[in-house]
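Structure, as structure tokens:
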Amino acid sequence: MKKIILTLMSIISINVYSTPITHTITYNVTTSVTCSVGDTLKLYGTFAGDYVASTYSGTNIVSDIFPTIVSTSPFYIGYFVIVGSETSFSFSEISHGQKTGTINVSSVTGVLDYNNHIIPKIFPNPCKNKITLSLGKITLVDILSSDGSLKSSIYIQNEETIIDLAEYPSGLYFLRTEEKAYKIYKE
């Protein structure tokens, strides 16, 4: 009985994010976006120009896209991956000024239907140098730093794989698959 209760408690306390979604943010058009941790914000200009973009937590910069000159439609500037602390974004185009908007990061609520899914296991978390992934399938896994920058991509060919994180500094990272993003901590 204790084993069943502990198993149920561990299932309920798993921090699983919803499937990451890509949101489009357009200069001088988008004023607000609601998203979840692990979602991607793709930024587009409305005309050719020299753009800079940032996300903020209060007044602190979370991530930046440095000056990017775009000259052909669809005027793609770059992207951000939401890490959870963002509250706003800003765009600047050299000759047209700065435009700002809000980011509403929603909390994940509800329970996933595990009847048709294998429960992923990622352990130990936090880890020292190695983390074991048991995702139940062959998939591509991106390792993202807390600012959303891609550190590496690994094609997982076994149902259980050990990833060596020894070269990465301590901190928060995201493991992103085609379906979900997971928080991991490296000590």
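The values are calculated or read from the model by the stated rules, or taken from the named source; none is laboratory data. These numbers come from a predicted model, not from an experiment. Every residue, glycine among them, receives a Cβ derived from its backbone with ideal geometry; neighbour counts consider all protein chains shown.
Yes/no matrix, rows are residues, columns are (1) at pLDDT 80 or above; (2) of a type in the set (V, I, T):
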residue: P20; (1), (2): no, no
residue: V62; (1), (2): no, yes
residue: P67; (1), (2): no, no
residue: T72; (1), (2): yes, yes
(request) Could you please find all residues in region 142-187 being of a type in the set (A, V, I, L, M, F, W, C) and within 11 Å of the chain's Cα centre (by Cα)? (result) I143, L144, L150, F174, L175, A181
(request) Would you mind stating whether I103 is farther than 17 Å from A53 by Cα and at pLDDT 60 or above? (result) no
(message) What's the total number of residues in region 17-45 that are in contact (Cβ under 8 Å) with a residue 24 or more places away in the chain, surrounded by fewer than 17 Cβ atoms within 10 Å (Cβ to Cβ) and not in a strand (DSSP E or B)?
(response) 3
(message) Suppose we keep only residues that are in a loop (DSSP other than H, G, I, E, B) and either in contact with a helix residue (DSSP H, G or I) (Cβ under 9 Å, 6 or more places away or on another chain) or loosely packed, with under 14 Cβ neighbours inside 10 Å (or both) within region 114-125. Which one would you say is modelled with the highest pLDDT?
(response) P124
(request) Return a yes/no flag: does region 86-95 have any residue that is part of a strand (DSSP E or B), farther than 22 Å from S32 by Cα and either at pLDDT 80 or above or not assigned by TED's automatic domain parsing to the domain that holds L175 (or both). (result) no
(request) Confirm whether G45 is modelled with pLDDT of 85 or more and among the small types (G, A, S). (result) yes
(message) For region 126-168, which positions are assigned to a loop (DSSP other than H, G, I, E, B), in contact (Cβ under 8 Å) with a residue 12 or more places away in the chain and among the acidic types (D, E)?
(response) D147, E159
